[in-house]
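I have placed the structure first, in the form of C-alpha cells, so that the comments after it can refer back to it.
The values are calculated or read from the model by the stated rules, or taken from the named source; none is laboratory data. Quick caveat: nothing in here was measured; it's all calculated off a predicted structure. Reconstructed Cβ throughout: ideal geometry from the backbone, glycine too, with neighbour counts over all protein chains shown.
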Amino acid sequence: MLRPELGGPRDWFFGALLLGALLFVVSQTLGWERLLSPWRTLDWRTLLGAAGLTALSYGLRALRIYDYFQPCLRGRFPAVLRLSVLHNSANNLLPMRAGELVFPWLMKRYFGQRWTQSFQSLLWIRLLDVHFLGLMGLLVLYLRDPRWFWPLLGLGWVGLLIPLARDRKIPGAAPRSFWQCLLATLPASPGTFWRVYLWTALSWSLKLLSFVLILGHFLPLASWRLLVGVLGAELSSVLPFHGIAGGGSYELAALVALMPTDISAEAALGGAVNLHLFLLGTTLLLGSLALLLPKCPKDWQPPEN
C-alpha cells in the first residue's frame, strides 16, 4: 500500500534548522530552568480544564470530517476520530506541512476514498480554518476598539462563504476543469456546509480558549492580547513554513503577534515556548490514545446513498 512521503530531506533540514535556532536562542536568553519554573505554580484545575477543552476540540474536528463526507462514513465515527487525531498529531509534529499528507492517506486506507477527492476536500477544510481565524481577528479588533462597524465587517466576512454553500445534488455535466472538480468536493447541501462551518467554529473556539488559559498563566496580559498571541502562533500551523514539531516557527509567529504589547521580548518568548510545550504535550497524549481506537474493518463497505 502506498504511504505518504512524510517530508523530503529539504523539509527536515529546514525544520531542524528552525528547531535548532529556537533551542539556541532559549538557552542563550532565558535558560531552561527559568523558562520552565512557572509550571510549578500552574493550578492543576486550569491545566486539566485546558487539556479537556483541547480534547473536545479534537472531537469536534473529527465530527467535522464525519459530517463533511456523509453518507460515506456513516456508522464509523470511532475510526474517523482516530484518523482525525492522528492527522492533527502528524501536523503538529512533522516539518513543513508534511503531516497534511496523512489525511488523504488514511482516508484511502480506512475508507477507500480517492486521494484527489480527500486532498481537495482538505483544501476546503483549511480554507474554513483560515476564514474562522480571520473572524477571530475581527473579534480582537472589536475588543481592542469596540466600534459599531466591526460586527458589520464580521457579518460581511461570513457572507463571503454564501456562494460556496450551494445545493450540489442536482445532476449536471461531469466536472472537467480543476476548479469544477474542486467545487464538486464541497459539501453537497447548504445545511451540511453550514454544519461543517459550525464544527469548525466550535473546535477553534475551544482550542483558542484553552490556549488563552495556558498563556495567561505565563504572561500578565489582557485576554484579547493573549488571544492575539495565540492566533499568531496558530496561524503558523496553516502556513507552509513549519519546523519539526513546529519548533521555531510557532514561537516566531507568536512573538511577532505579541510584539506590539508592553511585554518584553524575553517574556513573550517564554510564554510562546511554554504554550508550545502544552500543545506538544496534548498532541502526544491524544495521539497515543487515538491508537487505541478501532480502525475500519477491512471488509467494511460505505453505505449506499
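Structure notes:
- Test: residue in segment 5-23 that is crowded, with 16+ Cβ neighbours inside 10 Å, under 22 Å from the mean Cα position of the chain (by Cα) and at pLDDT 95 or above: no
- Residue match in segment 136-153 (condition: of a type in the set (D, E, K, R), closer than 24 Å to Leu63 by Cβ, exposed (fewer than 12 other Cβ atoms within 10 Å of the Cβ) and at pLDDT below 95): no
- Count - residues of segment 204-231 that are buried (at least 22 other Cβ atoms within 10 Å of the Cβ) and among the small types (Gly, Ala, Ser): 2
- Scanning segment 179-232 for residues that are small (Gly, Ala, Ser) and within 20 Å of the chain's Cα centre (by Cα) returns Ala201, Ser203, Ser205, Ser210, Gly229, Gly232.
- Count of residues meeting criterion [at pLDDT 75 or above and either of a type in the set (Asp, Glu) or farther than 19 Å from Tyr197 by Cα (or both)] in segment 163-177: 1
- Qualifying residue in segment 250-257 (condition: in contact (Cβ under 8 Å) with a residue 24 or more places away in the chain, under 23 Å from Gly287 (Cα atoms) and over 12 Å from the mean Cα position of the chain (by Cα)): yes
- Matching residues in segment 264-279 - criterion: being surrounded by fewer than 20 Cβ atoms within 10 Å (Cβ to Cβ) and small (Gly, Ala, Ser): Ser264, Ala265, Ala267
- In segment 90-128, the residues that are under 13 Å from the mean Cα position of the chain (by Cα) and among the charged types (D, E, K, R): Arg97, Glu100, Arg126
- Restricting Thr261, Thr282 to residues that are surrounded by 21 or more Cβ atoms within 10 Å (Cβ to Cβ) and either at pLDDT below 90 or more than 14 Å from Leu94 (Cα to Cα) (or both) narrows the list to Thr282.
- Evaluation of Gly246 against (1) surrounded by fewer than 23 Cβ atoms within 10 Å (Cβ to Cβ); (2) at pLDDT below 90 (one fails), failing number: (1)
- Residue check: Pro78 meets all listed conditions (1) touching a residue at least 12 places away in the same chain (Cβ under 8 Å); (2) farther than 19 Å from Ser288 by Cα; (3) touching a Pro at 6+ places or on another chain (Cβ under 6 Å) but one, namely (2).
- Applying the set (1) touching a Lys or Arg at 6+ places or on another chain (Cβ under 7 Å); (2) free of Cβ contacts under 8 Å to residues at least 24 places away in the same chain; (3) aliphatic (A, V, I, L, M) to Ala62 leaves exactly one unmet item: (1).
- A count restricted to segment 224-249 and to residues that are of a type in the set (Val, Ile, Thr) and either without any contact (Cβ under 8 Å) to a residue 60 or more places away in the chain or in contact with a strand residue (DSSP E or B) (Cβ under 9 Å, 6 or more places away or on another chain) (or both) stands at 1.
- Test: residue in segment 45-57 that is more than 17 Å from the chain's Cα centre (by Cα), in a helix (DSSP H, G or I) and free of Cβ contacts under 8 Å to residues at least 12 places away in the same chain: yes
- Filtered residue count, segment 109-154, keeping only those that are touching a residue at least 12 places away in the same chain (Cβ under 8 Å) and farther than 22 Å from Gly232 by Cβ: 14
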